[in-house]
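J.: Can you keep this structure in mind? I'll have questions shortly.
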Amino acid sequence: MSSGIEKNWISIQKNDFDDSNIKKYSSNKILTQLLANRGITSREQVFSYLYPSFKDLNDPCLLPGIQDAVSRIKCSIEENENIIIFGDYDTDGIISTAMMYNFLKKVKSSINVDYYIPDRFEEGYDINVDFIWKISSVKKYSLVICVDCGTNASEVIDFIESDVNNPDIVVCDHHEPSGGSLEEFKKYSKYIIVNPKLPGSSYPYKFLSAAGVTFKVIHAILKNLDDERKKSFSRQYLNEIIDMAAVSTVADLMPLTGENRVIVKAGLKIIKNSKNPGLLKMVNKIIQEKSKISAYDIGFIIAPRLNAAGRIEHAEKGLDLLIDKQAKYTLQTLSSNRFDKILDELGELNIKRQKIQKNILSEILENAEYKNKIKKYRVLIAKSEKWNEGVIGVVAADIVKKYNVPVILFKQNGNNLKGSGRSNGSFDLYSSLCQLKKYFTKFGGH
């Protein structure tokens, strides 16, 4: 179907460069031009880009807040405190939750670790005061580990800091901070944020997924464990869990540059033999050509199934696949039959999501008013009481692909609008929304 919008293709050709370093590794002219267009021309840059390896990963200790986070989590382990992991309901969130949960149980099998994934439709995104108030009132948990959210939870920060008896919170996140300075974030005594995007952060790479940040925190904790605790882990443990981080990186549409290239390449190499039983079962069941698993397989086959539960019902179905919910001390106790049941449910939810997505997309593309707005304003902002709020984000992404314009779609519920936005590579949607933040109850992005 034609978009009806005039196209103006621009071919980028960088000609003023020395190709000798690239030719040392490849004589392919197209590859040479592509690397040069990306500014990758030095010998070190070319080698790192073509052959990314673990040595190219940055030291996790460079992340802001990580030393305090490691100390607090280690203390919780040693003191046998009750911990709860609060994760987001998308693939990045549930993978981050599973990674942290599985790691803590491996450090100390007797530790009491629970997890909580909010309901997209009832609770919405981000950790909230109601949740903290409930767990504070029962005085069960001393530590909350918040993954893929929490950076901008200002009401929660104020609540936590207001009473020494409230649980401490460690945040592993990658969303853009909505304001403040690094000094302001550092002043909190009970609320610790690890996020490469914090203002003033000196971390060299800013585009990790939340699971990438969680991976870094796990790495830092491992480095600081005593010798006895380290015996629980193989020397290759980080390599054994990097496929999980790779799935989250692709699923959350993080740029495949820098550290993310290392994570995804390493993850693709091991995913067909994944050490995570649920992920391995999924790969064996739904990937046809397992010898050549690619980022496409993650982005269009694996991730949509993990995402489907949170988009249609509740994300815990996806999380069930990646951790052992019934017997929390080992990953091996989930039977193959249980895996099959979970995968069948995720497959059915994904089909349902596809149908809903197709219907909403067709409704928009067949609406002359919307198409005229796109042509005139080069942006689409639309709302409907009928749309499914869990699916409008992927519909927005479909429209961006077709028209190359920023899109925000809202589900209307009375006087309230809850939306999802997507943008093309040339327009910073988050920064633009920041200029209008007084009109929003809350918003965020990365």
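J.: Among the residues of the stretch 194-244, which ones are open to solvent by less than 60 Å² (accessible area, probe 1.4 Å), of a type in the set (A, V, I, L, M, F, W, C) and farther than 17 Å from M99 by Cα?
T.: The answer is L198, L225.
J.: Hey, another quick one. Among what's in the stretch 72-83 and is in a helix (DSSP H, G or I) and either free of Cβ contacts under 8 Å to residues at least 40 places away in the same chain or touching a strand residue (DSSP E or B) at 6+ places or on another chain (Cβ under 9 Å) (or both), pick the residue that is most open to solvent (accessible area, probe 1.4 Å).
T.: E78
J.: I need a count of the residues in the stretch 375-410 that are open to solvent by 30 Å² or more (accessible area, probe 1.4 Å), within 26 Å of N350 (Cβ to Cβ) and in a strand (DSSP E or B).
T.: Final tally of qualifying residues: 2.
J.: Looking for whichever is among the acidic types (D, E), modelled with pLDDT of 90 or more and more than 25 Å from the chain's Cα centre (by Cα) here; the options are E389, E385. Which one fits?
T.: Of E389, E385, the one residue that is among the acidic types (D, E), modelled with pLDDT of 90 or more and more than 25 Å from the chain's Cα centre (by Cα) is E385.
J.: Let me ask something else about it. Are there any pairs with C-beta distances below 8 angstrom linking a residue in the stretch 183-205 that is among the charged types (D, E, K, R) to a residue that is open to solvent by 80 Å² or more (accessible area, probe 1.4 Å), with the two at least 6 apart or on different chains, and if so which?
T.: K190/V164; K197/H446
J.: Continuing with the same structure: Filter the stretch 219-243 down to residues that are part of a helix (DSSP H, G or I) and over 16 Å from the mean Cα position of the chain (by Cα), then give me how many there are.
T.: So the count comes out to 14.
J.: Touching a Leu at 6+ places or on another chain (Cβ under 8 Å), exposed (fewer than 15 other Cβ atoms within 10 Å of the Cβ) and over 29 Å from G124 (Cβ atoms) - does that describe any residue in the stretch 290-298?
T.: Within the stretch 290-298 (the criterion being touching a Leu at 6+ places or on another chain (Cβ under 8 Å), exposed (fewer than 15 other Cβ atoms within 10 Å of the Cβ) and over 29 Å from G124 (Cβ atoms)), the answer is yes, since at least one residue qualifies.
J.: What pairs come up if the first residue lies in the stretch 296-307 and is farther than 16 Å from G267 by Cβ and free of Cβ contacts under 8 Å to residues at least 60 places away in the same chain, the second is among the aliphatic types (A, V, I, L, M) and part of a helix (DSSP H, G or I), and their beta carbons are under 8 Å apart, counting only those six or more places apart or on different chains?
T.: Sorted first by the residue in the stretch 296-307, then by its partner, the pairs are R305/M282; R305/I286; R305/L343; R305/L346; R305/L349.
J.: Could you list, in sequence order, the residues of the stretch 144-173 that are closer than 19 Å to Y101 by Cα and under 18 Å from the mean Cα position of the chain (by Cα)?
T.: Hits for the stretch 144-173 are I145, C146, V147, D148, C149, G150, V170, V171, C172, D173.
J.: Of all residues in the stretch 412-426, which are over 23 Å from E123 (Cα atoms), surrounded by fewer than 16 Cβ atoms within 10 Å (Cβ to Cβ) and at pLDDT 85 or above?
T.: Answer for the stretch 412-426, where residues must be over 23 Å from E123 (Cα atoms), surrounded by fewer than 16 Cβ atoms within 10 Å (Cβ to Cβ) and at pLDDT 85 or above: just N424.
J.: May I pose another question? Give all pairs with beta carbons closer than 7 Å in which a residue from the stretch 13-31 that is without any contact (Cβ under 8 Å) to a residue 40 or more places away in the chain meets a residue that is part of a loop (DSSP other than H, G, I, E, B) and of a type in the set (V, I, T); count only pairs at least 6 apart in sequence or on separate chains.
T.: F17/T41; D18/T41; N21/T41; I22/T41
J.: Any idea which of (1) at positive phi; (2) open to solvent by 10 Å² or more (accessible area, probe 1.4 Å) is the one H175 doesn't satisfy?
T.: Condition not satisfied by H175: (1).
The values are calculated or read from the model by the stated rules, or taken from the named source; none is laboratory data. Remember, predicted model here, so these are calculated numbers, not experimental data. Note that we place each Cβ from the backbone using ideal geometry, even for glycine, and neighbour counts take in every protein chain shown. Surface accessibility is based on the protein's heavy atoms, side chains included, excluding ligands, DNA and RNA. Shrake-Rupley method; radii C 1.70, N 1.55, O 1.52, S 1.80 Å.
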